[in-house]
Amino acid sequence: MTSSRLTAVLCAIDKINSEDPNQTLVNGHPQANELLYGQYMTSCLEQYFPQSNELLQIAVRAQHIKRWDLKRTEFDEGKAGYYQWRIAQGKFHAQLTKSLMLENDYPEHEAELTACILRKEQLKTNTDTQTLEDVACLVFLQYYFDAFAAKYTEVDNEAKIIRIVKKTWGKMSARGHEIALSLTLPSHLATLVGKALAD
C-alpha cells in the first residue's frame, strides 16, 4: 500500500516537473519533458523492481526534477564542463527532493538517504543507487536512444554512439544487463548495441 506521505511527495515532484517549458508530443498531446521522464522512470521501476522501498521510489521519480533550471550553457564547454554540470544537477535534484520530503513528514535521515541515491553515491555498493542507475539506463534505451542515435548518425558518427552505449553498459548491474538484453529494440538500435557489446 502506498503511504500518504509518499503520494504527497510524488505529487509534489510531478507538480514541479509539469512546469517544464520543454515539451514532447505524445499521441498528439504536448507533455512536459521532465514530467514524462519521471513517469517513464516510475513505470520501469514498477515493472522490473516491484519490491522497491519508498526512498528509491522517490529518487527514481525525482531523477530529473526541475532539470531545465540548471542549464548546460552555464558551464564550460567540453567534457570537464559537462561533468561539472552533471554533478551540479545531481546535488540540485538531491537538495530539492530532500526539502520536499521534509515538508511531507519524512525524517531527516530518510530524506538524506534519498539525497545520497540522487547524488549517485556508492554506485556499485549501494543497491538503491545502483537500481536508480539501472532504471535510468533502461529508460534511455527504451525511450531516448533512438533520437540520440539519429542525431549522431546524421553526422556519420557511429563510433560516438557505440562509445556511449559501452559507457551506459558499464554503469549497469548484471540484473540491468539481463533486462536490457530482453528489451525489444528496433533493428537498427539492436545492431548498434550488438556492435558495442562485441568490442
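Throughout, read-outs are computed from the coordinates displayed, never taken from laboratory work. Note that the coordinates shown come from a computational prediction; the quantities given were computed from them, not determined experimentally. Here the Cβ positions follow ideal geometry from the backbone for every residue, glycine too, while neighbour counts run over all protein chains shown.
Taking the mean number of other Cβ atoms within 10 Å as a proxy for protection, how do you rank 73-84, 93-104 from highest to lowest?
Packing proxy ranking, top to bottom: 93-104, 73-84.
Considering Cα pairs under 8 angstrom that are at least six residues apart, work out the relative contact order of region 1-121 and quote it in whole percent.
Computed over region 1-121, the figure is 26 percent.
Counting alpha carbon pairs within less than 8 Å and at least 6 residues apart, what relative contact order, in whole percent, applies to region 127-199? Provide the component values of the computation, followed by the final result.
Working: 37 pairs, mean separation 32.2, N = 73.
44 percent.
Taking H as built 1.01 Å from N, whose amide H comes closer than 5 Å to the amide H of Q23, not counting residues under 5 places away?
N33
Per DSSP H run of n ≥ 4, the term is -39500 (n - 2.57); total these for the chain, divide by its residue number, and report the mean residue ellipticity at 222 nm rounded to 500 deg cm²/dmol.
After summing the helix terms and dividing by residue count, I get -21500 deg cm²/dmol.
Dipole of the chain (Lys/Arg Cβ +1, Asp/Glu Cβ -1, origin at the Cα centre): which of V26, A149, A88 lies farthest to the positive side?
About the Cα centre, the residue reaching furthest to the positive side is A149.
For region 61-107, what is the charge dipole size about the Cα centre, in debye to the nearest 20, if Lys and Arg each add +1 at the Cβ and Asp and Glu each add -1 at the Cβ?
Around 180 debye, computed over region 61-107.
Please list 3J(HN,Hα) in residue order for region 86-101, calculated via the Karplus relation 6.51 cos²θ - 1.76 cosθ + 1.60 where θ = phi - 60°; whole Hz, with x for glycine and proline.
These are the phi-based 3J(HN,Hα) values: 4, 5, 4, 4, x, 5, 5, 4, 5, 5, 5, 5, 4, 5, 5, 5 Hz.
For the cross-link pairs K79/K120; K79/K151; K15/K120; K91/K195, which exceed 26 Å when the distance is taken from alpha carbon to alpha carbon?
From K79/K120; K79/K151; K15/K120; K91/K195, over 26 Å: K91/K195.
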